[in-house]
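The values are calculated or read from the model by the stated rules, or taken from the named source; none is laboratory data. In this text, all values refer to a predicted model and were calculated from it rather than measured experimentally. With ideal geometry, Cβ positions are generated from the backbone for all residues, glycine too; neighbour counts draw on all protein chains shown. Note: areas computed on protein heavy atoms with side chains; ligands, DNA, RNA excluded. Shrake-Rupley method; radii C 1.70, N 1.55, O 1.52, S 1.80 Å.
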Amino acid sequence: MSNDKTWQEYIEKNFDKFISSLKSDDFISDEKEIINDEDIDFLEPKKTYDCLREIITQDAIKKLQNRFRAHKHREKRGIKNLQLKSHSLNMLDKFKAQVGADTLEEAIDFLLSPDYREYEHDVDLAKQRLGEGNFDSTELMLDSFTKRLKNYDRERLSLIIELAFDEGWRAAKQTKKRTGNPRQEALNQSDLYNIVVKSIARSASVD
């Protein structure tokens, strides 16, 4: 792919985001401005930079140049960006350290690549240790689940959670038992919980 083609594809996806990230002092007028695409020549980097020099400072242009240079480097090396929640990244860092991987990329290879199957015991041990730690994956689990639902189903899920919260709130205020496992006993008496458990059991028997 030619450099100009790479530039055009990059700028099409990232130009508006870049302009939105600029501050007032990045503009020659010292005020944030709306830049119309039709006023900029995007055919090649030099022409684009020449147009932008009439609107934004040289330091701001350098930011765009550096970002595009980094993009070309990633494209050439076949490097892609990976977005993770901070707690997931922290856990991956811990896993990397426990299995002795040099990079996060190698840590993922430990998990997935057959080339690392001889380290299966070390991987299982690291996963066990991490599982015993404080890894809060609730947000990730719910986010992944709700994305698979239609809007109607998301609304139903929201209602179910609200009903479950209200039921738990009432049960917590009524119970005074502190021996045994009052939480589990209250859960076993929950209508919503029992309906779902029975539904799962019926589905499993059909499968």
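Given a 1.4 Å probe and the protein chains as shown, Arg69 ends up with an accessible area of around 140 Å².
Between Ile56 and Ile28, the built amide H atoms are under 5 Å apart, and every one of these is 5 or more places off in sequence or on another chain. Accessible surface comparison of Tyr10, Tyr152, probe 1.4 Å, protein chains only, largest first: the order is Tyr152, Tyr10.
The magnitude of the dipole of the chain, with charges of +1 and -1 set on the Cβ of Lys/Arg and Asp/Glu and taken from the Cα centre, is near 960 debye.
Take the convex hull of the alpha carbons in the chain; its mean projected area over all directions comes to 21.2 nm².
Relative contact order for segment 1-130: 16 percent, from Cα pairs under 8 Å spaced at least 6 residues apart, divided by residue count. Kirkwood hydrodynamic radius computed over segment 28-132 comes to 17.7 Å, based on all pairs of distinct alpha carbons. Going down the table (Lys80/Lys150; Lys5/Lys76; Lys17/Lys76), which pairs top 18 Å between alpha carbons? With Cα atoms farther than 18 Å apart: Lys80/Lys150; Lys17/Lys76. Surface listing: Trp7, Trp169 arranged by accessible area from highest to lowest gives Trp169, Trp7, probe 1.4 Å.
Packing around the peptides 54-60, 32-38, taken as the average count of other Cβ atoms within 10 Å per residue, puts them in this order, highest first: 54-60, 32-38. In terms of the mean number of neighbouring beta-carbon atoms within 10 Å, the peptides 191-199, 73-81 order highest first as 191-199, 73-81. Toward the positive end of the charge dipole of segment 1-106, with +1 on the Cβ of Lys and Arg and -1 on the Cβ of Asp and Glu, the farthest Cα among Gln83, Pro45, Ala60 is that of Gln83.
Among 89-97, 39-47, sorting by the average number of other beta carbon atoms lying within 10 angstrom of each residue, highest first, gives 89-97, 39-47.
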